[in-house]
Amino acid sequence: MDAIERWTGRYACLLQSALRLSNEQFAAKLGIGVRTVAAWHADENVVPRGEMQQLLDTAHEQASAAARQRFALMMTRDRASIEQAPVGAQALRVAIAVVIRESDVLLVCRRDVDAAGITWQFPAGVIKPGAKGETITVRETLDETGVHCAVRRHVGNRVHPVTGVLCEYFLCEYLAGEATNTDAVENVDVMWVPRNAVARFIPVDTIFPPILAVLEEQT
């Protein structure tokens with residue numbers, strides 16, 4: 001797969017992830033506003049206008065061989081996850097909490113090593129039908145880490161390029177509590193990590209670009 005017939009917000013975000021660019025960097029590369037990139041993350045089904053389609057074509061064509069390979073792999077996984085989903089089945093949705101405390105961010109270490117090598121993650125919980133992502137975010141963070149937080153804003157959503165799970169990302173502010181492993185069944189450890197050191201724990205190409213942008217602020 002080496003060409004996109006029609007770009008959507010979803011495909012544009014996959015290209016951004018493959019290029020490993022923040023919202024600001026991706027917008028600058030394309031010569032568009034940051035709000036436009038944010039809109040693609042907010043609505044993966046949106047179809048950019050004709051001139052935007054051309055800008056995305058150019059960005060893809062000018063990408064390095066490694067970036068094009070990453071993009072092709074992400075697209076293949078994305079399409080496979082859709083095709084393999086049972087007809088009428090509801091996609092698994094997960095709320096991701098990015099909890100900021102001054103210059104640190106909260107991470108948990110899963111007990112079962114993911115097949116893709118992902119071990120350290122942001123606190124997360126499955127959003128069951130009828131439940132609100134904001135509620136799950138706050139509750140699961142407390143259940144897993146003992147940390148009380150409040151949702152500041154919804155950052156965006158995507159189909160995770162590795163797991164194929166629909167992820168809803170929420171930026172949260174720390175309120176109270178000591179970071180402790182309060183879910184020893186699922187997690188090995190919980191800790192605050194400097195925002196500029198997150199890439200040492202989580203592969204940078206798997207981190208949602210808008211989250212990377214948040215982590216880069218004031219670091």
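The values are calculated or read from the model by the stated rules, or taken from the named source; none is laboratory data. Remember, it's a predicted structure, so these values are computed and weren't measured experimentally. Don't worry about glycine lacking a Cβ; one is built from the backbone with ideal geometry, like all the others, and counts go over all protein chains shown. For accessibility, only protein heavy atoms count, side chains too; no ligands or nucleic acids. Shrake-Rupley method; radii C 1.70, N 1.55, O 1.52, S 1.80 Å.
Would you mind stating whether GLN53 is out of contact with any strand residue (DSSP E or B) (no Cβ under 9 Å at 6 or more places or on another chain), in a helix (DSSP H, G or I) and under 17 Å from GLY156 (Cα atoms)?
In short, no.
Only one of these conditions is not met by ASN181: (1) in a loop (DSSP other than H, G, I, E, B); (2) more than 18 Å from LEU92 (Cα to Cα); (3) open to solvent by less than 30 Å² (accessible area, probe 1.4 Å). Which number is it?
(3)
Residue by residue through region 191-201, note down the ones that are open to solvent by 10 Å² or more (accessible area, probe 1.4 Å) and aliphatic (A, V, I, L, M).
Correct list: MET191, ALA199.
Taking only region 151-163 into account, find how many residues are open to solvent by less than 30 Å² (accessible area, probe 1.4 Å) and either within 12 Å of THR206 (Cβ to Cβ) or in contact with a Leu (Cβ under 7 Å, 6 or more places away or on another chain) (or both).
Total meeting the criteria: 6.
For region 202-213, name all the residues that are in contact (Cβ under 8 Å) with a residue 60 or more places away in the chain, outside any helix (DSSP H, G or I) and surrounded by 15 or more Cβ atoms within 10 Å (Cβ to Cβ).
ILE202, PHE208
Can you give me the number of residues within region 44-69 that are farther than 13 Å from TRP7 by Cα and surrounded by fewer than 16 Cβ atoms within 10 Å (Cβ to Cβ)?
Final tally of qualifying residues: 6.
Of all residues being among the polar types (S, T, N, Q) and part of a loop (DSSP other than H, G, I, E, B) in region 99-127, which is modelled with the highest pLDDT? Just the residue, please.
SER103
Return the total of residues in region 133-150 being farther than 12 Å from ILE96 by Cα and open to solvent by 40 Å² or more (accessible area, probe 1.4 Å).
Selection size over region 133-150: 3.
Within region 152-164, can one find any residue that is part of a helix (DSSP H, G or I) and touching a residue at least 24 places away in the same chain (Cβ under 8 Å)?
no
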